[in-house]
Structure formats: C-alpha cells, structure tokens
Amino acid sequence: MSLEVLLQNSEWMTGLNAAEQNKVRSEIQVKRIPAEGYVCRRGHAADHWFGVISGVVKINNIAPSGKSTTLLGLTPGAWFGEGSLLKEESRRYDALTLRDSELALMPRATFLWLLDNSIFFNRFLISQLNKRLGQFIGAMENERLLDVDTRVARSLAAMFDAWYPQQTMMLKISQEEVGQLAGLSRQRVNTSLKTLEEHGLIRVSYGEIHIIDLEKLSTFHSDQLGK
C-alpha cells in the first residue's frame, strides 16, 4: 500500500473537503523504519500522528524490572498516537516495528489544525478513542479470563478492523510476533494456531496467517468447542 492508497481509504480523510485534503497531502511525510526500529519512544515529545502504510507496529512498554509487555498490534491502515497529541504530553509508550515498515507522519501542527477546522475529523477521533478503550478493556479480559487458544484468536482478530483499508485478509507475521502480541511463547502460539486452523478460522503458511472467517475468529471461545 502507498501513502495515497492509505489516505484514500482512511475514513477521516474522505470526510475532508478538497482544500483540507490538499493541505494534509502536502504536509504528511513518509518514513521507512527497519524491523525492531522505534516509531516513537516513551518520554519523548509527541510531534506526529502516525499511519501505518506497510509492515506491523506494536505498542509496547517496559517495566523498571525489565519486563516487557505488548499492548496493541497495528497493521496497514491504522492511525495511532492521537492521545498524547490531544493531552499535550510526552509519549507514554514505545512504538516499535515488528518488521520493515513504512509510516505516514502527520505533523502535530497539521493534526491540531484539522482538530480546529473539521467537525468530521473530530467525530472520527471520538470514535477512534472509544474503539481504543474497547480494545484495552478486551485485552484485560483476554489476559484475566480467557484460555490461551481464545487469547490467540482475539489477538489476531484485533489486527483487522472495518476502518482499516486492508487489501487482503492476511497478516505477514511470524509465530514469535503473534506471541509478543498475545503475551505467549512461540511454542504455545504454534499449538493454538493449529487449533484455529483445524476449525477453519485461519490458514497458516510460512510467515503468513490468512484469515478465513474474521467474525468467528473475533468471537471464538474454546469453551464453545467442548474444551
């Protein structure tokens, strides 16, 4: 996906008038970041709103003890980082690439200009923040209440969203990377992926996971299978 395709398929962009769209196009920058590179760092100033053109980005934090946790995975089409811009505070998390990635960087000044001038953009941000709240509540539920197979299923399903311009229902992601997103070992993820594949929800090939039935994957629970 190119920057232009990302913008054309981003819901907030389609609601802007021609002048607003032209301003956005002229001010957004594209940055290529290698695998395991930082998109932004915890404690640094929030200077941009980010869109994922290609690759996979994880939102991550590390405790003083050194323990690392992945909060969210973001695939092409996703926009993120608005919280720190709205609160005018430094980043409260790290964002790192899981593989070679390309990011769209909207300057803070452009973001705030849209906030001041576009009702449609404001409505998008309200819905986006509400969606993020739901994702983090779901992540807490996953960790505290759900079994491992269900956690893997929900983690995969969360990577897809009707707001994101997915070209195909496929993730270029390794089992180790899925483990990082679900908080599980690669070995345990491998077993869960086989279970989901056996039930016709996904198809696994080398370095890729094809989503066969997103609706069933997002509501999957192993208890329903008699486990």
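The values are calculated or read from the model by the stated rules, or taken from the named source; none is laboratory data. Remember, it's a predicted structure, so these values are computed and weren't measured experimentally. Virtual Cβ from ideal backbone geometry, glycine too; neighbours counted across all protein chains shown. We work out accessible area using only protein heavy atoms, side chains counted, and drop any ligands, DNA or RNA first. Shrake-Rupley method; radii C 1.70, N 1.55, O 1.52, S 1.80 Å.
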* Structure fact -> With no solvent term and unit scatterers on the alpha-carbon positions of segment 80-142, Debye gives log₁₀ I(q)/I(0) at q = 0.15, 0.16, 0.29 Å⁻¹ of -0.61, -0.69, -1.28
* To do: Work out the length of the dipole vector of the chain about its Cα centre, built from +1 on the beta-carbon of each Lys and Arg and -1 on the beta-carbon of each Asp and Glu, and round it to the nearest 20 debye.
  => 420 debye
* Asked: Of all the accessible heavy-atom surface of the chain, with the other protein chains kept in place and a 1.4 Å probe, what percent is carbon and sulfur?
  -> 50 percent
* Asked: Using only Cα atoms, what Kirkwood radius does the chain have, in angstroms?
  -> 18.4 Å
* Structure fact -> Applied in sequence order to segment 47-60, the curve 6.51 cos²θ - 1.76 cosθ + 1.60 (Karplus, θ = phi - 60°) yields integer Hz couplings, x standing for Gly and Pro, of 9, 9, 9, 10, x, 8, 7, 8, x, 9, 10, 10, 8, 9
* Determine the per residue accessible area of the chain with all protein chains present and a 1.4 angstrom probe, expressed in square angstrom. => 51 Å²
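Find the relative contact order for segment 62-161 and round it to a whole percent, using C-alpha pairs within less than 8 Å whose residues are 6+ positions apart. Provide the component values of the computation, followed by the final result.
Working: 23 pairs, mean separation 34.1, N = 100.
Relative contact order, segment 62-161: 34 percent.
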* Convert each backbone phi in segment 195-204 into a coupling constant with the Karplus relation 6.51 cos²θ - 1.76 cosθ + 1.60 (shift: θ = phi - 60°), then list the ³J(HN,Hα) values in order as whole Hz, x for Gly and Pro. => 4, 5, 5, 4, 9, x, 8, 9, 10, 9
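Pairs of alpha-carbon atoms within less than 8 angstrom and 6+ residues apart define the contacts here; what relative contact order does segment 1-80 have, in percent?
Details: 65 pairs, mean separation 24.1, N = 80.
Taking the mean separation of contacting Cα pairs over the length of segment 1-80, I get 30 percent.
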* To do: Would you calculate a helix-derived [θ] at 222 nm for the chain, using -39,500 (n - 2.57) for each DSSP H run of n ≥ 4 and dividing by the full residue count, to the nearest 500?
  => -13000 deg cm²/dmol
* Using 1/(1 + (r/R0)^6) with R0 = 35 angstrom and r between the beta carbons of PHE136 and ALA18, what's the FRET efficiency to the nearest 0.05? -> 0.45
* Relative intensity, log₁₀ I(q)/I(0), of segment 13-67 from a Debye sum that treats every alpha carbon as a point, q = 0.13, 0.15, 0.25 Å⁻¹ -> -0.51, -0.64, -1.16
* Structure fact -> So, relative contact order of the chain in percent, Cα under 8 Å, 6 or more apart, is 21 percent
* Structure fact -> Note on segment 70-115: the mean projected area of its alpha-carbon convex hull, in nm², is 3.8 nm²
* Determine the gain in length on full extension of the stretch LEU115-HIS210; use 0.36 nm per residue of separation and subtract their C-alpha separation, reporting nm with one decimal. => 30.5 nm
* Heavy atoms of VAL5: accessible area, 1.4 Å probe, square angstrom to 10 -> 50 Å²
* Asked: Among residues other than HIS210 whose Cβ falls under 13 Å from its Cβ, what is the net charge (Lys/Arg +1, Asp/Glu -1)?
  -> -1
